[in-house]
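The values are calculated or read from the model by the stated rules, or taken from the named source; none is laboratory data. It should be emphasised that the depicted structure is a prediction, and the values quoted were computed from it without experimental measurement. So basically every Cβ, Gly included, is an ideal-geometry build from the backbone, and we count neighbours across all protein chains shown. Protein only, heavy atoms only, side chains kept; ligands, DNA and RNA dropped before computing areas. Shrake-Rupley method; radii C 1.70, N 1.55, O 1.52, S 1.80 Å.
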Amino acid sequence: MRTYRLTTALLLFFGLTIAGCAREQAPPTSHAFHVELATAGGEAKAGRLLVFAEDAKTAEASSKDGKVTAVDINPLDPAQVSVAAREVSRLEPGQGVDVDTGARAFPAAFAKLPPGDYYVQAVLDADHSYNYSGRDGGDLVSDVVKMHLPAASMPKLQLTSTLPVHELWSLPASATQAVRDALPESRRHTEDLDFVSPALSAFWGRPIHMRGFVLLPPGYDVKAADTYPVVYLTHGFGGGLGRFASGITGTWLAMSKGEMPPMIWVYLDESSPTGTHEFADSVNNGPWGQALTEELIPHLESTFRMDGKPAGRFLNGHSSGGWATLWLQTRYPKVFGGTWSTSPDPSDFHDFTGVDLYAPHANVYRRPDGSTYPLIRDNGKVLATFEQYAQMERVLGSYGGQMASFDWVFSPRGADGRPQPMFDRDTGAVDATVLAYWQDHYDIAHRLQTQWPELKPDLDGKIHLIVGTADTFYLDGSAHRLKGVLDGLQAQSDIRFLPGKTHFDLYANGSDRTALLKQIAWEMYAVARPQSTLKRAAP
């Protein structure tokens with residue numbers, strides 16, 4: 001017994017001595033952050049709490065004058081900034097919570113960051129929209145703080161500011177002076193669109209609004225007998241009501257100068273809490289295509305001086321909006337006279353941004369040889385892989401991201417009421433059962449190939465697709481697949497590949513950022529008014 005006590009005492013003594021020496025040599029480190037809600041305001045908050053960290057030298061090099069005013073994820077280069085997250089059900093003013101930067105983090109746990117100086121910032125995503133629109137009105141943010149990581153003690157951040165709500169008619173910093181000058185006049189010729197859909201309201205059990213804007217052409221007179229062709233335009237992923245102002249004003253300006261023909265433009269908001277609903281008839285999002293074609297369009301044609309016939313109804317959209325308009329044209333060929341879809345999301349799932357989803361043992365993260373599938377490129381350089389993008393979305397939130405948005409549109413509903421994921425977020429493995437549902441319902445090339453005799457009378461010659469050969473998201477590959485299917489059917493179609501163009505400069509020609517849109521408008525007008533002698537004015 002005495003020997004045991006002596007041994008224990010010696011071990012305790014040496015253990016304490018060694019621990020004491022260790023504290024002197026290497027102070028304890030903390031990889032968690034304590035985030036508090038400022039006492040001002042007096043209201044409890046909830047949402048997705050995010051902590052961002054960026055290498056100080058990198059942040060300073062990429063900021064103006066070396067002043068870092070925000071630390072945020074760049075979706076086009078996701079590995080540059082680290083982010084950790086946790087859900088907060090209720091946060092009272094003056095109270096705080098700890099964010100474990102190893103439990104849910106991207107691209108890796110903060111503990112794996114090289115020791116050094118970092119800029120950090122906390123954001124409370126109050127409405128869980130970060131995956132779709134980033135930080136936005138109503139989100140709470142902390143000051144940007146420069147600190148050394150790993151820290152000797154738990155760093156503290158305080159949510160002190162609430163971001164202002166984005167104004168619907170605010171213009172981006174890139175807007176030209178001509179567009180800024182034309183904004184007041186374009187607003188006078190634009191009508192707000194807010195229509196409650198009976199079909200969507202029945203699906204959701206509450207009023208569902210279809211929103212957008214209606215731009216009327218110069219000379220439009222409600223009392224006149226003249227009618228106009230109509231373009232139904234919708235945005236891509238990340239767009240919404242607050243992102244239309246520049247496009248509306250640019251189109252108004254072009255029509256007023258005679259650079260575009262006189263038409264009515266209907267700008268449709270396809271954003272939702274789950275991403276973009278794509279105007280697809282979905283078991284998860286509801287019957288958006290039905291609501292548009294059977295409810296909203298008849299309502300608009302009874303309100304405005306529209307042609308009201310297929311040869312006077314056209315579709316245009318880019319990216320996810322490109323897929324939406326391509327889908328609407330092929331799903332409702334009797335309604336529309338043609339779609340001009342640009343850089344659409346994959347229309348043939350044999351090439352889903354470079355991945356053949358139908359391959360045996362398909363995996364969206366890795367090829368059979370183990371190499372990773374790229375997702376984002378620029379000038380031949382890979383900026384992000386499919387896996388990086390999916391894992392980034394996973395940290396930012398469980399819904400609203402691009403990958404989750406595909407599931408909400410294309411997938412069958414699971415037993416928990418949510419869409420079944422097409423691929424495993426941990427491994428990248430494709431679920432063959434879910435994919436079969438995708439193919440039967442939303443693979444546009446498959447639909448054309450299997451139903452062409454039925455579709456041809458109303459669809460032949462109405463598909464126009466334009467994409468760059470250097471598309472940022474590899475969407476030219478799927479377009480080539482679709483062209484092969486259409487050519488094999490001997491269908492009349494117009495598929496264009498613009499050399500060297502990316503996802504973001506497709507519409508530009510020289511200094512004219514909307515050159516392609518002007519060309520598309522005249523092509524539409526030629527269908528609606530084949531006998532017209534109206535010509536485009538010289539720029």
**Asked** So residue 99 clears everything in (1) assigned to a helix (DSSP H, G or I); (2) farther than 30 Å from residue 242 by Cα; (3) of a type in the set (A, V, I, L, M, F, W, C); (4) within 28 Å of the chain's Cα centre (by Cα) except one condition, right? Which one?
**Response** (1)
**Request:** Filter the stretch 201-240 for residues that are among the basic types (Lys, Arg) and in contact with a helix residue (DSSP H, G or I) (Cβ under 9 Å, 6 or more places away or on another chain) and give the result.
**Result:** 211
**Prompt:** open to solvent by less than 40 Å² (accessible area, probe 1.4 Å), outside any strand (DSSP E or B) and among the aliphatic types (A, V, I, L, M), is that true of residue 159?
**Reply:** no
**Fill in**
Reported set for the stretch 199-227 where residues are open to solvent by 30 Å² or more (accessible area, probe 1.4 Å) and either in contact with a strand residue (DSSP E or B) (Cβ under 8 Å, 6 or more places away or on another chain) or at positive phi (or both) is 203, 204, 205, 207, 209, 211, 219, 220, 227
**Fill in**
Residue hits (the stretch 488-539; of a type in the set (Ser, Thr, Tyr), farther than 19 Å from residue 321 by Cβ and open to solvent by 50 Å² or more (accessible area, probe 1.4 Å)) are 511, 533
**Complete:** If we ask which residues in the stretch 311-341 are touching a strand residue (DSSP E or B) at 6+ places or on another chain (Cβ under 6 Å), open to solvent by 10 Å² or more (accessible area, probe 1.4 Å) and either under 22 Å from residue 237 (Cα atoms) or not in a loop (DSSP other than H, G, I, E, B) (or both), their number turns out to be 2
**Asked** Failed condition for residue 132, given (1) at pLDDT 95 or above; (2) of a type outside the set (Val, Ile, Thr); (3) under 25 Å from residue 38 (Cα atoms), with all others met?
**Response** (3)
**Asked** Are any of the residues in the stretch 277-294 over 30 Å from residue 419 (Cβ atoms) and either among the β-branched types (Val, Ile, Thr) or crowded, with 22+ Cβ neighbours inside 10 Å (or both)?
**Response** no
**Message:** Every residue in the stretch 441-471 that is over 27 Å from residue 284 (Cβ atoms) and open to solvent by 10 Å² or more (accessible area, probe 1.4 Å), please.
**Reply:** 452, 453, 456, 457, 458, 460, 461, 462, 464, 469, 470
**Output for the stretch 183-214, where each listed residue is among the small types (Gly, Ala, Ser) and out of contact with any Phe, Trp or Tyr (no Cβ under 6 Å at 6 or more places or on another chain)** = 197, 199, 201, 202, 205
**Message:** If I filter the stretch 72-88 for residues that are at positive phi and not basic (Lys, Arg), do I get at least one hit?
**Reply:** no
**Complete set of residues in the stretch 361-376 that are touching a residue at least 24 places away in the same chain (Cβ under 8 Å) and open to solvent by 50 Å² or more (accessible area, probe 1.4 Å)** = 361, 366
**Asked** If you scan the stretch 133-154, which residues turn out to be open to solvent by less than 30 Å² (accessible area, probe 1.4 Å), closer than 19 Å to residue 106 by Cβ and outside any strand (DSSP E or B)?
**Response** 134, 139
**Complete:** Taking the stretch 50-96 and keeping only residues that are part of a helix (DSSP H, G or I), in contact with a helix residue (DSSP H, G or I) (Cβ under 8 Å, 6 or more places away or on another chain), open to solvent by 10 Å² or more (accessible area, probe 1.4 Å) and under 23 Å from residue 383 (Cβ atoms), one is left with 58, 60, 79, 80
**Item:** Selected residue (criterion: least open to solvent (accessible area, probe 1.4 Å)) from residues of the stretch 177-198 that are of a type in the set (S, T, N, Q), touching a residue at least 24 places away in the same chain (Cβ under 8 Å) and out of contact with any Asp or Glu (no Cβ under 7 Å at 6 or more places or on another chain)
**Value:** 186
**Message:** Suppose we filter the stretch 342-360 for residues that are among the hydroxyl-bearing types (Ser, Thr, Tyr) and open to solvent by 10 Å² or more (accessible area, probe 1.4 Å); how many remain?
**Reply:** 2
**Asked** Can you tell which of 438, 408 is in contact with a strand residue (DSSP E or B) (Cβ under 8 Å, 6 or more places away or on another chain), buried (at least 22 other Cβ atoms within 10 Å of the Cβ) and touching a residue at least 40 places away in the same chain (Cβ under 8 Å)?
**Response** 408
